[in-house]
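Notes follow once the structure below has been shown.
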Amino acid sequence: MGRLREGLPRGGWIDAGLGPHTFSRVDQKLHNYILFEHHMNLPVFQEPVMALDCWEHAFMIDYGIKKADYLDAFFKNVNWKVAEERLAKYSKHVR
Ligand SMILES: [Fe+2]
């Protein structure tokens, strides 16, 4: 879990958009991206480890304007075991 947490962006995370956290098949490192569309400009040679959707449609129904509560709930519910398993799987393929 330490490696994954170290790779997460610090501070404000993202304002809006989709924030995929990926493992790069090119440099074999974790990367964070901010995508403003779900279907455009997707980074290539990346394996998804986890993603956070910060568009209003992802949280307004349940959290209203309380995006911080949404982010807290997101991190409380991350299945770190699954994320670690994905990272281990991708890391194994590039060695
Ligand atoms: Fe979305």
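Laboratory data are not the source of any read-out in this text; all were calculated from the coordinates shown. The structure presented is a predicted model; accordingly, all values stated were derived computationally and were not measured.
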>> Can you list residues from other chains, or at least 5 along the same chain, whose modelled amide H is less than 5 Å from the amide H of residue 52?
In response: 19, 21
>> Taking the alpha-carbon distance from residue 92 and a cut-off under 30 Å, which lysines remain once sequence neighbours fewer than 8 residues away in the same chain are dropped?
In response: 29, 76, 81
